[in-house]
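Shown next, in structure tokens, is the structure this report addresses.
The values are calculated or read from the model by the stated rules, or taken from the named source; none is laboratory data. Please read these numbers as outputs of a predicted model, since none were measured by experiment. Every residue, glycine among them, receives a Cβ derived from its backbone with ideal geometry; neighbour counts consider all protein chains shown.
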Amino acid sequence: MAKIDLKSLSLTELKALNARVEKAIERHGKKQKGKALALVKAKAKELGFSLDELTGGAPAKKTTAKKPAKAAYRHPDDASKTWAGRGARPLWLKDALNSGKSLEDFKV
């Protein structure tokens, strides 16, 4: 391996060298991963399987939206204002708690 005198390089040159080294490391890593994957696929095939059969394949992404959480707390005067107990407390609940009410007062 060639020895580079880093002390003689300017900051700009050092940054450029660093960028080239990072790219070389990334390329080398991808190449090594490709070789490893080819070896594993070949071994799986030798044993009569596909890699997907052994690993269960890539999990399918769920496309269904999450169901909203059920209301755990409800405003006493406006039933449309609820809070599931997750995330930030709504302003109406903060105000009520600051005025001395208990969280249990709003439990559904």
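Annotations
- Members of region 36-61 that are loosely packed, with under 10 Cβ neighbours inside 10 Å and outside any loop (DSSP other than H, G, I, E, B): 46
- The numbered conditions (1) part of a loop (DSSP other than H, G, I, E, B); (2) within 27 Å of the chain's Cα centre (by Cα) are all true for residue 77 except (2).
- Among the residues here, residue 96 does not qualify as modelled with pLDDT under 90, farther than 30 Å from residue 40 by Cα and either of a type in the set (A, V, I, L, M, F, W, C) or surrounded by 10 or more Cβ atoms within 10 Å (Cβ to Cβ) (or both).
- Restricting region 80-91 to residues that are more than 29 Å from the chain's Cα centre (by Cα) and surrounded by fewer than 16 Cβ atoms within 10 Å (Cβ to Cβ), the residue that is modelled with the highest pLDDT is 91.
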